[in-house]
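Before any comments, here is the structure.
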Amino acid sequence: MACAVQFGASLFELDKLDIIQPMGQMVGGYVTPIDHGYMFGKDGFTAADDAFAVQSPAKGYVVNISMTRRGDFMDHALTIEFTCTHYVYYSNMTSFSQKLMDADGGKIEDGN
């Protein structure tokens, strides 16, 4: 039996949203359609770190959090589970909220 998940929120505030690049593009070095999409905020590439507050699109549970160094960039990523078959994965974030850091009890480790 399939479990439906109704999204009630955008990745971040709609008035700050500029570009949505959907899944399935055939660009760059990808040899098959890409299996992920992108959302960019206004001035996304020149905006200050933490310019956009990321939010969950539905009620769920954070089941994985990580930080991985990519050159000079520390990539913050997390996975939110809505049901046993519905997840969302966010990456390329610049930081986690203090609330999330506190809930984790300081266990987030640099994946370097």
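Here, each number is a calculation from the coordinates, and none is a lab measurement. A quick note: this is a predicted structure, and the numbers were derived from the prediction, not measured. In this analysis, Cβ positions are derived from the backbone assuming ideal geometry, glycine residues included, and neighbour counts consider all displayed protein chains.
Some observations on this one:
- Cα→Cβ-extended label distance, 7 Å offset, between Ala9 and Ile108, nm: 1.6
- By other beta-carbon atoms within 10 Å, ranking Ile34, Ile65, Ile20 with the fewest at the front produces Ile20, Ile34, Ile65.
- For peptides 57-63, 67-73, sequence by mean Cβ density within 10 Å, most packed first: 57-63, 67-73
- Net length gained if the chain between Ala58 and Ser95 were fully extended (0.36 nm per residue, minus Cα distance): 11.3 nm
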